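Asks: This structure is in structure tokens; I'll ask about it shortly.
The values are calculated or read from the model by the stated rules, or taken from the named source; none is laboratory data. All figures in this text were calculated on a predicted structure; none of them were measured in a lab. Here the Cβ positions follow ideal geometry from the backbone for every residue, glycine too, while neighbour counts run over all protein chains shown. These area figures cover heavy atoms from the full protein model, side chains too; ligands, DNA and RNA do not enter into them. Shrake-Rupley method; radii C 1.70, N 1.55, O 1.52, S 1.80 Å.
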Amino acid sequence: MLEGLFGGGGGFTVFLVRLFRKRWRLLLLAGLGPVLFLLVLLSIERFRGWVSLRGERRALVAGGVTFDPRAFAAPPAAPGENGMPGLLAAAKRLNTGVALPLDPPPAMRLTPAGHAVVGIREPSWAFQKTRHRWEEVTADLAANREAVSNALAALQAPVLRVALDYSEGARLALSHLAPTKSLVIWIGASAQVSLRAGDTHEALRALLAGTRLPDTLASDQLVISELVRIAIASIMRNRVWEALQADGWTDQDLARLQEAWEGLHFALPMARALEGEILYADSTYVQVGASHAEAVRLLQGMRLFASTEEAPVWEGWLEPFPYGKEMADWITNEGFCRLWRFAWIDQDHSRRLRQTSRLMEAARVAAAGMSFARVREGIDALEKQDSIRSTYDRWRYPFAAQSPFSLFGVVGKGMRAEAERGLVVTAIALKRCQVRHRPLPESLGELVPEFLKEVPVDPMDGRPLRYRRQAGGGFLLYSVGSDGVDNGGDGQPPGGLATLNSIWERKDAVWPQPALPEEIQAYRAQGP
């Protein structure tokens, strides 16, 4: 019996071996089945992305968008014409002082009622727990006189440009943005010191230079550069407001300042910057697709801006365990990142190009009609659509909610900057009218063509800027604001929030009149 089982050519032993091998194959097939099925699905997703991306690129090229970095870049400046190297060299030589650049003098500081305190008339100002005086600003400027003077001279150059290589994608260095923005604080403070001393000639020199400063970034043709341009112009807008409260201006000087502001533009440059964003994103995705290390670097960088809801689920699972963060990072970098690059990178790439191109078209439409109202609903709908993302979408589009800044708001910011430009130009024209000892007009149309080429349009709704002459020699000049609703020139914050200091955080965006004595007293009571 035993011989029958174990002897004679194998018997039961051979049977067991064959059975084990058969079941092993079955188990192996059972385990590989889901893996093979997943690979097929991921391969299908990869093919879908490939088709979608190529279709999106063809459509953009047919619409006039170039994917050639050399064709998109601004032409090189002729030797000796570009003042940007000298400007950046001057910015690097600026040394931090007691007040500048961290605690500059206040300018057009709004009150709860929508008026503004004239900063050049204030003896001191408070910042956190420190109170500063004008003597400190004067000393800071004197200590940096040569650097500031060199910056003002560089801004007279015919060309102000930094050469950018858009093929660098996420590696593109934009080291010129911070020093350029820092200069506006010094130049603006210089204008205020001159205004306080009654020297309108030196004040005009600084104001014209500060107005030219946004041109230094215009050739970048990137959204982040446009946002910095807008911030610089906004700072100079406040200094121009301060200047218009001072006496001693001539019509000729004011005409020069008005002409400088008429030369600034933000709506079309924002549309061009969104086209540059398409090229920038395309170069970035090409880099990430070619290099796992680049993908990890970009993913980790974007995760710094992610909300808790956007964090990978495995982070929550592993967090309680020892070395949980390290394990989660390893899964993200070596697992998820490789999976995303294989299956979904082209889908993510196509989605980014599609969204940015829609915003670019919206910016072009808004700029052509000088009306944000024409595109506001479309942009809101696009943003709402983007916010609705399934769990699967979060795997496919890991960068969707992790951008350092959202592109959905940039079209509106460009149009707001255009509205600010219109307010400044109109306010200067009204000041010129007063300098010529003429009464304020009943309507802005009376300023054309002597003081204005045409009545400025409010880009927030496409209608003319609102204006009314007021009793007592003042005037009301305003844009309807970001919501496009005309509140009759109400410059108060919505809901009574008195701490808001931007004209765009008010019911209407009002060019403020000087603060009343009781408002000045309340302002001076603030701080240490």
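Asks: Taking the Cα atoms of region 175-300, what is the range of coordinates along each of the three principal axes, in descending order and whole Å?
Replies: 63, 25, 16 Å, listed from the longest principal axis down.
Asks: Would you mind working out the magnitude of the charge dipole of the chain relative to its Cα centre, with +1 at each Lys and Arg C-beta and -1 at each Asp and Glu C-beta, to the nearest 20 Debye?
Replies: Approximately 1300 debye in magnitude.
Asks: Can you list residues whose amide H is under 5 Å from Val457's amide H, if they're 5+ apart or on another chain and H is modeled 1.01 Å from N?
Replies: Close amide H contacts, sequence-distant or interchain: Leu465.
Asks: Next up: Holding the Cα-Cα limit at 31 Å, pick out from Lys413/Lys453; Lys181/Lys507; Lys92/Lys431; Lys129/Lys413; Lys129/Lys431; Lys431/Lys507 the pairs that are longer than that.
Replies: Lys92/Lys431; Lys129/Lys413; Lys129/Lys431
Asks: Then there is this: Whole-Hz Karplus ³J(HN,Hα) for region 93-106, in order, using 6.51 cos²θ - 1.76 cosθ + 1.60 and θ = phi - 60°, x for Gly and Pro?
Replies: 8, 6, 10, 4, x, 6, 10, 9, x, 6, 10, x, x, x
Asks: Now, a different point. With the other protein chains left in place, how much accessible area per residue, in square angstrom, belongs to the chain at a 1.4 angstrom probe?
Replies: Using a 1.4 Å probe on heavy atoms only, each residue of the chain averages 50 Å².
Asks: With all protein chains present, calculate the accessible area of His265 using a 1.4 Å probe and round the result to the nearest 10 Å².
Replies: So the heavy atoms of His265 present about 90 Å² to solvent.
Asks: About its Cα centre, how strong a charge dipole does region 77-201 have in debye, to the nearest 20, once Lys and Arg get +1 and Asp and Glu get -1 at the Cβ?
Replies: 280 debye
Asks: Let me make sure I get this right: for region 425-528, a, b and c are the square roots of the gyration tensor eigenvalues over alpha carbons, sorted descending. Under 1.5 in a/c it's rounded, otherwise prolate if a/b > b/c, else oblate. Which is it?
Replies: Oblate, since a/c reaches 1.5 and b/c is not below a/b.
Asks: In addition: Could you tell me the center-to-center distance, by alpha carbons, between region 453-528 and region 117-142 in angstrom?
Replies: The two parts, judged by their Cα centres, are 25 Å apart.
Asks: Please list, in order along region 329-335, the HN-Hα scalar couplings obtained from phi with the Karplus expression 6.51 cos²θ - 1.76 cosθ + 1.60 (θ = phi - 60°), rounded to whole Hz, x for Gly and Pro.
Replies: 4, 5, 5, 5, 6, 9, x
Asks: Using a 10 Å cut-off on Cβ atoms, rank the peptides 75-83, 449-457 from the highest mean neighbour count down.
Replies: My ranking of the peptides, most packed first, is 449-457, 75-83.
Asks: Same structure again: Can you tell me the FRET efficiency between Ala170 and Thr391 if r is taken as the Cβ-Cβ distance and R0 is 25 Å, rounded to the nearest 0.05?
Replies: The value I calculate is 0.45.
Asks: Convert each backbone phi in region 74-84 into a coupling constant with the Karplus relation 6.51 cos²θ - 1.76 cosθ + 1.60 (shift: θ = phi - 60°), then list the ³J(HN,Hα) values in order as whole Hz, x for Gly and Pro.
Replies: 5, x, x, 7, 5, x, x, 8, 7, x, 5
Asks: Roughly what angle does helix 145-154 make with the longest principal axis of the chain, taking Cα atoms, 0 to 90 degrees, to the nearest 10?
Replies: 80 degrees
Asks: Mind putting a number on the dipole of region 149-305 about its Cα centre? Charges go on the C-beta only, +1 for Lys and Arg and -1 for Asp and Glu, and I need it in Debye to the nearest 20.
Replies: Computed charge dipole of region 149-305: roughly 400 debye.
Asks: Measure nothing fancy, just the Cα-based angle from helix 11-62's long axis to the longest principal axis of the chain, in degrees from 0 to 90, nearest 10.
Replies: 30 degrees
Asks: Quick one: which residues, 5 or more positions from Ala515 or on another chain, have an amide H under 5 Å from its amide H? H modelled 1.01 Å from N in the peptide plane, none for Pro or chain starts.
Replies: The answer is Ala116, Val117, Val118.
Asks: Give the carbon-plus-sulfur fraction of the accessible surface of the chain in %, rounded to a whole number; probe 1.4 Å, heavy atoms of protein chains only.
Replies: Answer for the chain: carbon and sulfur cover 58 percent of the accessible area.
Asks: As a test of understanding, state the convex hull volume per residue of the chain from its alpha carbons, in Å³.
Replies: It comes to 216 Å³ per residue, whole-number rounded.
Asks: How tilted is helix 251-262 with respect to the longest principal axis of the chain? Cα atoms for both, answer in degrees (0 to 90, nearest 10).
Replies: It works out to around 10 degrees.
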